[in-house]
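I have placed the structure first, in the form of structure tokens, so that the comments after it can refer back to it.
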Amino acid sequence: MPSASTRFTSLAALAAAVVFLGSWGALHRGWYDDEEIVDIPVYETYGNAIERGSIPYRDFRLEYPPGALPVFAVPALVTDAGDQAAFRGAFERLMAACGLVLVLACAVALRGLGATRPRVLGVLAAVALYPLVLGNVLLTRFDLWPAALVAVALAALVWRRDRLGFAVLGVAVAAKLYPAVLVPLALAYVWRRRGRREALVCLGLLAGVVALAFLPFLALAPEGVAYSFGRQLGRPLQLESLGSSFFLAAHHLFGLEIEMRSGHGSQNLAGLGPAIAGVLLSVVQLAALVWIWLRRPATSAELVRWSAAALVAFVALG
């Protein structure tokens with residue numbers, strides 16, 4: 001089957017963007033409107049502190065990397081302090097914009113991969129409708145920011161704009177750390193196509209972007225940055241994780257006693273069993289990632305396939 005044309009892919013991307021906005025709007029209706037856990041008040045606290053001139057990590061603690069700061073600061077800068085509704089509205093619009101970038105980046109990557117019409121329609125439909133699957137949690141988290149950056153980075157790499165791809169991937173790592181699992185794959189992809197020198201140049205560019213984000217805060221508040229890393233890397237077994245699902249199932253089916261505690265910005269299972277499960281899952285996760293990294297992709301299609309596998313392994317086993 002022949003590849004979809006640029007015109008077809010562009011029209012499909014436009015339609016997907018419209019559907020995405022419709023899906024986003026639906027999150028404010030019906031049963032989607034019933035919220036339980038919302039992070040926006042925390043983001044607003046960070047944003048208002050930045051607006052007042054406070055230095056992150058030094059003057060106030062936060063658990064997220066420096067690349068996340070723009071999504072806290074921008075809504076605070078365009079709204080009045082204390083106006084929670086206005087801040088939330090600005091934050092949601094910012095995340096919707098990130099979602100649109102994600103849709104368009106996927107379309108660009110699909111065109112670069114030479115995807116067929118059915119594949120273009122299937123992928124873009126999934127991306128446009130996924131807000132309805134994840135629910136209103138999307139409205140109150142900043143995850144679309146790093147997700148959009150990852151999509152843009154992969155699209156650039158698919159089109160062999162390697163240095164641009166690594167630079168954007170560096171921003172993604174600075175925003176939420178997890179995109180670092182893609183670095184070995186991207187490095188192997190460039191190395192096998194363009195040689196060691198270009199791969200090392202790209203890696204240096206990524207490292208430079210990450211350093212540019214972190215070093216100013218490391219110089220001003222090393223303890224604050226260390227606290228942030230500790231919070232991100234030392235999370236207990238989260239309630240929505242794969243390991244937690246087994247304990248929850250055993251609780252409902254067999255009456256297994258479990259204890260939930262809030263901490264590290266999430267809801268977690270406490271106790272010896274969940275702690276052991278968390279360690280075991282981390283070992284399995286690392287083994288899965290190493291196996292994926294050793295695939296050493298040489299083509300754009302392989303890069304996208306193994307990048308998706310790495311992200312799934314990280315999320316499912318994390």
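The values are calculated or read from the model by the stated rules, or taken from the named source; none is laboratory data. Just so we're clear, the structure is a prediction, and the values are computed from it rather than from any experiment. Neighbour counts run over all protein chains shown; Cβ positions are idealised from the backbone, glycine included.
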Pairs needed: first member in segment 155-174, within 11 Å of TYR189 (Cβ to Cβ); second member anywhere, of a type in the set (Asp, Glu) and at pLDDT 95 or above; C-beta distance under 7 Å; at least 6 residues apart or different chains. ASP162/GLU198
Test ALA85 against the criterion of being part of a helix (DSSP H, G or I) and either surrounded by 15 or more Cβ atoms within 10 Å (Cβ to Cβ) or modelled with pLDDT of 95 or more (or both), and give yes or no. no
Scanning segment 208-243 for residues that are part of a loop (DSSP other than H, G, I, E, B) and under 20 Å from the mean Cα position of the chain (by Cα), which turns out nearest to GLU259 (Cα to Cα)? LEU239
Does LEU134 fit the bill of being modelled with pLDDT under 95, of a type outside the set (Phe, Trp, Tyr), under 17 Å from LEU311 (Cα atoms) and assigned to a helix (DSSP H, G or I)? yes
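Quick one: is ALA148 within 27 Å of GLN267 (Cα to Cα), among the small types (Gly, Ala, Ser), in a helix (DSSP H, G or I) and at pLDDT 95 or above?
Yes.
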Any chance segment 270-288 includes a residue that's outside any helix (DSSP H, G or I) and touching a residue at least 24 places away in the same chain (Cβ under 8 Å)? yes
Selection count, segment 152-178, where residues are out of contact with any Ser or Thr (no Cβ under 9 Å at 6 or more places or on another chain), of a type in the set (Phe, Trp, Tyr) and at pLDDT 95 or above: 1
Taking the options VAL183, VAL201, name whichever one is under 24 Å from CYS98 (Cβ atoms) and assigned by TED's automatic domain parsing to the domain that holds PRO65. VAL183
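Yes or no, residue by residue, for (1) of a type outside the set (A, V, I, L, M); (2) within 20 Å of ILE292 (Cα to Cα):
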position	(1), (2)
GLY114	yes, no
ALA128	no, no
VAL137	no, no
VAL150	no, yes
Kindly indicate whether VAL209 is out of contact with any Lys or Arg (no Cβ under 8 Å at 6 or more places or on another chain), at pLDDT 95 or above and either buried (at least 18 other Cβ atoms within 10 Å of the Cβ) or on the phi > 0 side of the Ramachandran plot (or both). yes
Contacts under 9 angstrom Cβ, first residue in segment 209-221 being closer than 19 Å to ALA172 by Cβ and among the aromatic types (Phe, Trp, Tyr), partner modelled with pLDDT under 95 and in a helix (DSSP H, G or I), 6 or more apart: PHE214/VAL225; PHE217/GLY224; PHE217/VAL225; PHE217/SER228
Filtering segment 222-250 down to residues that are free of Cβ contacts under 8 Å to residues at least 60 places away in the same chain and hydrophobic (A, V, I, L, M, F, W, C) yields ALA226, PHE229, LEU233, LEU237, LEU239, PHE246, PHE247, LEU248, ALA249, ALA250
Quick check: anything in segment 55-68 touching a Ser or Thr at 6+ places or on another chain (Cβ under 6 Å), touching a residue at least 40 places away in the same chain (Cβ under 8 Å) and either part of a loop (DSSP other than H, G, I, E, B) or surrounded by fewer than 18 Cβ atoms within 10 Å (Cβ to Cβ) (or both)? yes
